[in-house]
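Undergrad: Before I ask anything, let me first share the structure, which is written out below as structure tokens.
None of the figures in this text is laboratory data; all of them are computed from the coordinates on show. These figures come from a predicted structure and were not determined experimentally. As a convention, Cβ positions derive from the backbone with ideal geometry for all residues, glycine included, and neighbour counts pool all protein chains shown.
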Amino acid sequence: MRLLSWVSLAWMATEGVVAITAGVLAGSIALIGFGIDSAIEGFASLIIIWRFTGSRLLSHAAEERAQKLVAIQFFLLAPYVGYEAVSQLVAGEHPQTSWIGIALVTSSAIGMPFLGIAKRRLADKLGSVATRGEGTQNLLCAYLALAVLVGLLGNTLFGLWWLDPAAALVIAAVAVKEGRSSWRGEGCCASC
């Protein structure tokens, strides 16, 4: 379990830095939101590493604490991204093309489902809602990558600038939904 979390942490750190940098340079709130989501996922990986270390390995209290900490991470993303997306829509701000961003979200859309499914299967074996939440964050990352990719390509190929903040609103909405589910402990031991 910890190995999967370390792999996630390395991936998320790289993804977060590249996405936020590319998003700032291009003026893309969807890329910035995607980068922040990556940082949140990286933090969730640290929580899972903490959860499955030492005396916490069999601790129900540690599991509940980890579950809540993972859920909180979803809620941290939504207000900022939602506000910025609405602001860009109202102001009519047009993001620039980001080929680096397009390549990054494409790689995440392809790679993250493998990592997320592996974690969710392991979570079901361990009976760990927190681990399942982390796996769900990886799957969410893949879905968000697809939404951001649609926004970036729509803007680049067809001049549909509003798809970028619209993709960011999808990120905010999905983050709230997944945060509520994780907070309640829903999803443990359900099929992927």
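Undergrad: Take THR131 and tell me if it is without any contact (Cβ under 8 Å) to a residue 60 or more places away in the chain, assigned to a helix (DSSP H, G or I) and either in contact with a Gly (Cβ under 8 Å, 6 or more places away or on another chain) or of a type in the set (Ser, Thr, Tyr) (or both).
TA: no
Undergrad: Tell me, which residue of region 76-106 that is within 17 Å of LEU160 (Cβ to Cβ), of a type in the set (Val, Ile, Thr) and surrounded by 15 or more Cβ atoms within 10 Å (Cβ to Cβ) is nearest to the chain's Cα centre (by Cα)?
TA: VAL105
Undergrad: Count, please, the residues in region 107-121 that happen to be over 11 Å from ASN138 (Cβ atoms) and surrounded by 16 or more Cβ atoms within 10 Å (Cβ to Cβ).
TA: Of the residues in region 107-121, 1 are over 11 Å from ASN138 (Cβ atoms) and surrounded by 16 or more Cβ atoms within 10 Å (Cβ to Cβ).
Residue-wise test of (1) free of Cβ contacts under 8 Å to residues at least 60 places away in the same chain; (2) touching an Asp or Glu at 6+ places or on another chain (Cβ under 9 Å).
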residue	(1), (2)
ARG56	yes, yes
GLU84	no, no
THR106	yes, no
PRO113	yes, no
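Undergrad: Another one. Output yes when any residue across region 123-141 is surrounded by fewer than 16 Cβ atoms within 10 Å (Cβ to Cβ) and on the phi < 0 side of the Ramachandran plot, and no when none is.
TA: Yes, the conditions are met somewhere in region 123-141.
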